[in-house]
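In what follows, a single structure is set out as structure tokens and then discussed.
No lab work stands behind these numbers, since they all come straight from the coordinates. Values in this document were obtained by computation on a predicted structure and should not be read as measured data. Ideal geometry is used to build each Cβ from the backbone, glycine not excepted, and the neighbour counts take in all protein chains shown.
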């Protein structure tokens, strides 16, 4: 999983490559030799079902986030209701792997609708979203 905060925007992108087969979604062969081969997976019914389930899990986690203490920083949620996280994008992605292998994956963009649109997310909010992303990967069984 790769988590990339946007510079000068209150959003963060999350890329989650599928590193192992997901038989429940009929996604048996995730390693592909070309991006074009991954395209065929991204339009499959199984992958669309995965995206639908992913949206439900993500919405639940955003409404009921996991409590995960951090050592490096404190989560600044002192003004209750001052943050309004929104899924700006949830779609399929072509993820390059090692040794010229490509995999299907999920591309998620989460933004804080109430934050200053010209400023990056504070570190505490980045950690909060990272905790949501880690729990999201666990709940969907996407761990490598």
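Checking (1) 118; (2) 262; (3) 132 against the coordinates, the calculated volume of the Cα convex hull per residue in Å³ falls under label (1). The peptide list 24-30, 91-97, put in order of mean Cβ contacts within 10 Å with the highest first, becomes 91-97, 24-30. Computed from the Cβ-Cβ distance with R0 of 25 Å, the FRET efficiency linking residue 6 to residue 101 stands at 0.35. Spacing of the modelled spin labels on residue 53 and residue 37, each 7 Å from Cα toward Cβ, amounts to 2.4 nm. Projecting label points 7 angstrom from Cα along Cα→Cβ for residue 126 and residue 28 puts them 4.2 nm apart. In terms of surrounding Cβ atoms within a 10 Å radius of their Cβ, 86, 31 rank from fewest to most as 86, 31. For the peptides 10-20, 109-119, residues were scored by their other Cβ atoms within 10 Å and the scores averaged per peptide; the highest-first order is 10-20, 109-119.
To the nearest ten degrees, helix 123-140 and the longest principal axis of the Cα atoms of the chain are 30 degrees apart.
Could you work out the relative contact order of the chain, using alpha carbon pairs under 8 angstrom and six or more residues apart, expressed as a whole percent? Before the final figure, lay out the partial values.
Values: 233 pairs, mean separation 55.4, N = 144.
Over the chain, the number comes to 38 percent.
Computed from label points 7 Å out along Cα-Cβ, the spacing between residue 134 and residue 63 is 2.4 nm.
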